[in-house]
Amino acid sequence: MSAQPSESLATAPAQILHEIFGYPQFRGPQQAIVDHVVAGGDALVLMPTGGGKSLCYQIPAIARQRAGHGVTVVVSPLIALMHDQVGALHEAGVDAAFLNSTLDWEQTQEVERRMLRGEITLLYAAPERVNTPRFLSQLDSLRERGKLALFAIDEAHCVSQWGHDFRPEYRALTVLHERYAGVPRIALTATADALTRADIVERLQLEEARQFVSSFDRPNIRYTIVEKKEATTQLLRFIEREHEGDAGVVYCQSRKRVEDVAQTLRDAGINALPYHAGLDAAVRQKHQDRFLRDEGIVMVATIAFGMGIDKPDVRFVAHLDMPKNIEGYYQETGRAGRDGAAADAWMAYGLQDVVNQRRMIDESPAGEEFKQVMRGKLDALLSLAEASDCRRVRLLGYFGEQSSACGNCDNCITPPQVWDGTDAARKLLSTIYRVQQLSGISFGAGHIMDILRGKTTEKVTQFGHASLSTFGIGADFSEAQLRGVLRQLIAIGALAVDAQAYNTLQLTDGSRAVLKGEVQVMLRESVSSPADRKSRREKTARGAPSPAAAALDAVGQARFTALKAWRAEVAREHNLPAYVIFHDATLAAIAERGPATLEDLQGISGIGSKKLDAYGDDVLRVCSAF
Ligand code: ADP
Ligand code: ZN
C-alpha cells in the first residue's frame, strides 16, 4: 500500500474503487489506465459505451486530490447531463461541482471560490467555459499553488470533424497542454475508427500519451437489420413483440418524422416522447429527465439525443432511417444494454435511405475531398446493411478488430437465403439505358421496374415504352427483388440517383462492368419476417420486468419490488435518476441476500461506504418486511 497522507484517506486505486464505488474489482483495462494516470501520465482511452470510462478519470481524480494535488477539471460537452453526473458523485460521497450556463451568478461564484480553495475533487465544465480568460486565470492560480491535479477530456472525438459530434470549441483545448504543460491529461472516447483516433491525437497534442484501446465488441447487443417496408408499422410490431414496457430509443432523420412516429407510438399505447433540436430547450430537458427518471419510456429522437446518456437499462435502440456511417450506427446502437443484459439494435433499411444519404453528401457545401471520405464511409455502412454474413464480424472489422461469427445477430440466428441477382441487375441497367436512348430523358425506379415487369401503366403507354426489347423480360422477378437489386447497384456505385432531377436513375462508370457480366451481384432473399418465430420463443426470458431480477425466487422478487419503490422515492427527493442511487443489479443482489444487519450488506457490488451510511438502515427496514 502507498504512503497515506495526513487525513489517512486511502490513495490506492483499488481501495478507492472499493470504498467509494463499492465495486470489488477493476474491469478490463481500468486498472492499468488508473495506475498510469495516478502516476501523472497522459492517456488516450478508447473504450466502448458502457465499458467503464468514468472510473478511469474519477479514481485518479480522487487519488490525486487525497495526495494533495488538488482539483481535476473534467471537460465535457454535455451540459444537460452535468447535474446528474455531479449528483451521482455526491451520492458516492465525492466532492464534485459543475460550471455551466445553468448556474446563476451567485452559484457560479460559490463554485469558483470552492474550486480556488482546491476543495472540489472533480469540476465539470463545458469546453467554451474552459477557453474564457476568467476561467484560465483561475486555473493559473490553481496551478501556481500546485492545486491543478488533472485534466479529463470526455467525449474526445468531439475535437474531430471525422467524429460524429464535431464541436469546434474542442479545438481550442490545446491550451491545456500549452499553458499547463506537466499537468496530466486523460482523453476518453467511445469512437473507434482510425481516422478519428489519429485526429484526436493530433488535435489535442496527445502524441506522448499512452493509448489504451479496448475491444469494441458489445456481446449483449443483438444486431438486426430488416428490409424497410412500412417502417413505422414494422417498428410497432418489433416493440410490441419483443419490448413491451421496455425503455428504448428510436432514431429518425427529421424532426417531422420524430413527431409523427412519437405520435403513432403513443396512439398505440406506448409511452413515447419526442426529442429534437427544434423543441424548446426546456421541453428537451423535461423529456430527457423523464426518459432517465421514469421507467419504460421510448424516446423518439434525432441524433441530437443520446451522447453521454448513461441510463443502464435501455433495452433497444431502433433506427427508422439509416445513419450516415458505421461510426454513427455504432455510437447510437451502443446506448442499448449498458448494464450488460440482453438488448437489441434494430434497423429498418431501404432504397430511399441509400438515395437520401447519397443526396445529402452530394448537396453538402463541403469540399470534394471531404465528400469522398463521407461517400467511402457511407459505402461501408451500406455493405453492412446488405450483408448476408455475420453483422458483428463486419462491424468489428470496420474498427480493425478480427472476430468470428457471433451467434447473436440476425444473420447468424437466421442465415438469409442468398440469390444471384446478376441477371436481374443487367436487365435493369439495360432497361435504363434503352429508355434513355429512346426518350432522351431519365426515369425513376418505379417506372423502370414497371417496364421490366411488363406492366402497361399510363406512363408506359404515354412514352411508348412497351416497344422496348426489355419490356416484360423481368416478369419473373418480384418488385421486392428488383428493389433489392437497385439498392445494391446504388450501394456499389453501379447506378446513381439524380436528386436534382426527380430522383431519376442514371448509369455510372461502374454500370459497364455489371452490364458486361464482370461483376456478380449477390443479394439477400427478402423474407417477410425472419425473426417472427424466434422472438416469440424468447419472449418469456426477455420480457421479464428486469433482467437483473429474473433469477430471484418469490420472496426475492417481492423484496426487489419493494426496494425499487423505495429507490424511486429517494431518487425523486434527490432529483436524480433511480440508477444513480442504486443499479437494478445492486437491488437484485440485496433482494437475493435478504440482509438483516449492515454487515450483511458488505461486499454487495455497488454499495460504497457513503451509500452504506446513507441508505443501509433504510434498505434493512425495507427488507425486514419479508
Ligand atoms: P462509459 O462511460 O464507458 O460508457 P460508465 O463509466 O458509465 O461507462 O460505466 C458503465 C457502467 O459500468 C456504470 O454503471 C458503472 O457504474 C459500471 N462500472 C464501471 N466500472 C465498473 C467496475 N469496475 N465494476 C463494476 N461496475 C463498473
Ligand atoms: Zn453474427
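General remarks:
- For segment 335-349, putting each phi into the Karplus relation 6.51 cos²θ - 1.76 cosθ + 1.60 with θ = phi - 60° gives couplings of 6, 7, x, 5, 7, x, 7, 3, 8, 10, 10, 10, 9, 9, 9 Hz, in residue order, rounded to whole numbers and with x for Gly and Pro.
- Distance between segment 419-455 and segment 56-75 - C-alpha centres, whole angstrom: 65
- Contact order relative to length of the chain, as percent, for alpha carbon pairs under 8 angstrom and 6 or more apart: 13
- For the chain, convex hull volume per residue from C-alpha positions, Å³: 168
- Paired Rg and Dmax values of segment 87-129, which use every Cα atom, in angstrom: 10.3, 28
- Cα pair distances exceeding 15 angstrom across segment 402-474, given as percent: 59
- Once the Cα-Cα distance is subtracted from the 0.36 nm per residue extended length, the Gln263 to Ser364 segment shows a gain of 33.3 nm.
- Cross-link pairs beyond the 18 Å C-alpha cut-off, checked among Lys147/Lys611; Lys228/Lys311; Lys311/Lys564; Lys286/Lys311: Lys147/Lys611; Lys228/Lys311
- Amide hydrogen neighbours beyond the local backbone of Ile186, cut-off 5 Å, H modeled: Ala43, Phe151, Ala152, Ile153
- Taking a straight Cα-Cα cut-off under 22 Å and skipping sequence neighbours fewer than 8 places away in the same chain, the lysines within cross-link reach of Lys516 are Lys427.
- Rounded Å value of the spacing that divides the Cα centres of segment 556-594 and segment 488-524: 56
- Length available on full extension from Lys286 to Gln417: 0.36 nm per residue minus the Cα-Cα distance, which gives 42.6 nm.
- The chain, accessible surface, carbon-and-sulfur percent (1.4 angstrom probe): 50
- Sorting the Cα pairs of segment 542-624 by distance into bins of 5 Å, from 0 upward, gives 3, 16, 28, 29, 17, 6, 1 percent per bin.
- Summarising the amide proton neighbourhood of Thr508: residues at separation of 5 or more, or on other chains, whose placed amide H is nearer than 5 Å comprise Ala496.
- Under 5 Å, built H, 5+ apart or other chain: amide partners of Ile225: Met347, Asp410
- Relative to the compact-globule estimate of 2.2 N^0.38 Å, the Cα radius of gyration of segment 187-252 comes out at 1.72.
- The residues of the chain have, on average, 43 Å² of accessible surface per residue, using a 1.4 Å probe with all protein chains present.
- For a modelled paramagnetic label at Gln15, 7 Å from Cα along Cα-to-Cβ, no residue of segment 582-611 is in reach, as no backbone nitrogen comes under 14 Å.
- Fraction of alpha-carbon pairs over 32 Å apart in segment 7-213 - percent: 9
- Placing +1 on the Cβ of every Lys and Arg and -1 on the Cβ of every Asp and Glu, with no other charges, gives segment 419-524 a dipole of roughly 20 debye about its Cα centre.
- Phi to ³J(HN,Hα) by Karplus 6.51 cos²θ - 1.76 cosθ + 1.60 over segment 174-181, Hz, x for Gly, Pro: 4, 4, 4, 6, 5, 8, 10, 3
- Whichever lysines have a C-alpha closer than 19 Å to that of Lys377, once near sequence neighbours (fewer than 8 apart) are set aside: Lys324
- Residue among Ile153, Cys56, Ala10 farthest towards the positive dipole end of segment 7-213, charges placed on Cβ: Ala10
- Rel. contact order, % - alpha carbon contacts under 8 angstrom, at least six apart, segment 542-624: 32
- Karplus-derived 3J(HN,Hα) values for segment 602-607, using 6.51 cos²θ - 1.76 cosθ + 1.60 with θ = phi - 60°, are 4, x, 6, 4, x, 10 Hz; glycine and proline are entered as x.
- Hydrodynamic radius (Kirkwood) for segment 130-190, which is based on Cα pairs only, to one decimal in Å: 12.4
- Computed over segment 224-383, relative contact order equals 27 percent, with contacts defined as Cα pairs under 8 Å that lie 6+ residues apart.
- Remark: C-alpha extents of segment 29-144 on the principal axes read 41, 32, 27 Å, sorted largest to smallest.
- Segment 419-524: equivalent-ellipsoid semi-axes (sqrt of 5 x gyration tensor eigenvalues, Cα, Å): 20, 16, 12
The values are calculated or read from the model by the stated rules, or taken from the named source; none is laboratory data. All values derive from a computational prediction rather than experimental measurement. Cβ: placed from backbone, ideal geometry, glycine included. Neighbour counts: every protein chain shown. Ligands, DNA and RNA are stripped out before the accessible areas are found, and what is left, the full protein with its side chains, is counted by its heavy atoms. Shrake-Rupley method; radii C 1.70, N 1.55, O 1.52, S 1.80 Å.
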